[in-house]
1. Tabulate in residue order the Karplus-calculated ³J(HN,Hα) for region 122-127, using 6.51 cos²θ - 1.76 cosθ + 1.60 with θ = phi - 60°, rounded to whole Hz; enter x for Gly and Pro.
2. Amide H neighbours of Val78 under 5 Å, at least 5 residues apart or on other chains, H built in the peptide plane: list them.
3. With point charges of +1 on the Cβ of Lys and Arg and -1 on the Cβ of Asp and Glu, referenced to the Cα centre of the chain, which listed residue (His9, Gly37, Val84) lies farthest in the positive direction of the dipole?
4. What translational diffusion coefficient, to the nearest whole µm²/s, does region 30-100 have by Stokes-Einstein, given a Kirkwood radius computed over alpha-carbon pairs, a temperature of 4 °C and 1.567 mPa s viscosity?
5. Please compute P(r) over all alpha-carbon pairs of region 68-155, binned at 5 Å starting from zero, and give each bin as a whole-number percent.
6. Of Leu30, Leu120, how do they rank once you tally other Cβ atoms within 10 Å and put the fewest first?
7. Compute the Kirkwood hydrodynamic radius of the chain, taking the inverse of the mean of 1/r over all pairs of distinct Cα atoms, and give it in Å to one decimal.
8. Hey, what did the chain get for relative contact order, percent, Cα under 8 Å, at least 6 apart?
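Just so you know, all these numbers are worked out from the coordinates, no wet-lab data involved. What you see is a predicted model, and the numbers here were worked out from it, not measured in a lab. Reconstructed Cβ throughout: ideal geometry from the backbone, glycine too, with neighbour counts over all protein chains shown.
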Amino acid sequence: MEKIYVLVHRCHEQCIKLIHATPDGKSGGLGIGLKQGIILKILLERDGLTQRELTRFLQITSSSCGELIAKLEQGGYVRRKANVSDRRTFDVFLTESGRALGEKYRDESREILEEWGGNLTAAEKERLFRLLTKLSAGLDAQIEKNGGRRDAQGI
């Protein structure tokens, strides 16, 4: 199983490099960093998430997420609005320019990943997708069973 982990991790890192490796370190030359692009992409699907929800999704600290959101806000890509049920919480929304940049980020990422998988047949892509989905579901169940902690075997 360790070999599979190493290969999945390596493929993940290679995908990140393909999508985000530019001379200025910004996503595809779009002027934003990797996690900023991911935030825009998430908000395309679920606009109005709280900072706490984005923090959990990205698995980073609240302060790091706050900095990313602040940079996106300074760039005019997102706006924060007080949550109606909890005034201590802010919901994060895309602006018109944020939506356009998020769509461009998403489309460029898809294009690069399609090229990356170009040496796989459609059947191989489907099989890989099914296997990774099954693996992910098993890992999710294990995490939930253990309350987010590793079990005694170190899994």
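1. Values per residue, Gly and Pro as x: 4, 5, 5, 4, 5, 5 Hz.
2. Answer set, sorted by chain and number: Glu73, Thr95.
3. Val84
4. Values: Rh = 11.9 Å.
So the translational diffusion coefficient is about 109 µm²/s.
5. Taking every Cα pair in region 68-155, the percentages come to 3, 11, 10, 10, 10, 12, 19, 17, 6, 2, 0.
6. In increasing order of surrounding Cβ atoms, one gets Leu120, Leu30.
7. 17.7 Å
8. About 20 percent, as a whole number.
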